[in-house]
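Notes to accompany the following structure.
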Amino acid sequence: MGVKEAKVGDKMVFAKDKHSPSPGPRAREVVASPKGDDYSYIVEKYWTVVDVRPDGKLLLRTRRGKEHLVSRDDPRLRHATLWERWRYRHRFPKVASTHETIERTT
């Protein structure tokens, strides 16, 4: 699955696998461990593309400035829907321009 094409500034949703003793309110597909001490679940993260690499990887930035290098064909990655872009607009980081982004990431 994954993303066929992406450009700088695109809003993306990444389904991140998490493990903890108490899942938060945004957790989905929650599964208890065999002894019930821990839970596995998925949380959707709202990231913005800051660079498209020639090898097919995307550099994504979180709202708080962390960066993740993700393969374009990762099945956990998808474009945000129109509804998500509007509803969760405060969760997506702002990317000013391609030139500014490249300067900060190199």
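Note on segment 1-28: among residues that are in a strand (DSSP E or B) and in contact with a helix residue (DSSP H, G or I) (Cβ under 9 Å, 6 or more places away or on another chain), the one that is farthest from ASP51 (Cα to Cα) is VAL13. When segment 49-98 is filtered for residues that are in contact (Cβ under 8 Å) with a residue 40 or more places away in the chain and assigned to a helix (DSSP H, G or I), the ones remaining, listed by number, are GLU84, ARG85, ARG91, THR98. Taken as a whole, the condition of being in contact with a strand residue (DSSP E or B) (Cβ under 8 Å, 6 or more places away or on another chain) and exposed (fewer than 11 other Cβ atoms within 10 Å of the Cβ) applies to ASP17. When TYR46, TYR41 are checked against the criterion of being over 12 Å from the mean Cα position of the chain (by Cα), assigned to a strand (DSSP E or B) and surrounded by 11 or more Cβ atoms within 10 Å (Cβ to Cβ), TYR41 stands alone in meeting it. Name the single residue that is farthest from GLY2 (Cα to Cα) among those in segment 29-38 being among the small types (Gly, Ala, Ser) and not in a strand (DSSP E or B). Checking each candidate, the answer is GLY36. LYS16 falls short of the stated requirement of being under 19 Å from ARG85 (Cα atoms), free of Cβ contacts under 8 Å to residues at least 60 places away in the same chain and not hydroxyl-bearing (Ser, Thr, Tyr).
Out of all the residues in segment 26-35, is one or more acidic (Asp, Glu) and more than 14 Å from the chain's Cα centre (by Cα)? Yes, some residue in segment 26-35 is acidic (Asp, Glu) and more than 14 Å from the chain's Cα centre (by Cα).
Looking across segment 90-106 at every residue that is surrounded by 12 or more Cβ atoms within 10 Å (Cβ to Cβ) and modelled with pLDDT of 85 or more, the one that is nearest to GLY56 (Cα to Cα) is identified as PHE92.
Kindly establish whether TRP47 is out of contact with any strand residue (DSSP E or B) (no Cβ under 8 Å at 6 or more places or on another chain) and at pLDDT 90 or above. No.
The values are calculated or read from the model by the stated rules, or taken from the named source; none is laboratory data. As the structure is a computational prediction, the values presented were derived from the model and not from experiment. Counting neighbours? That spans all protein chains shown, and the Cβs are built from the backbone with ideal geometry, glycine included.
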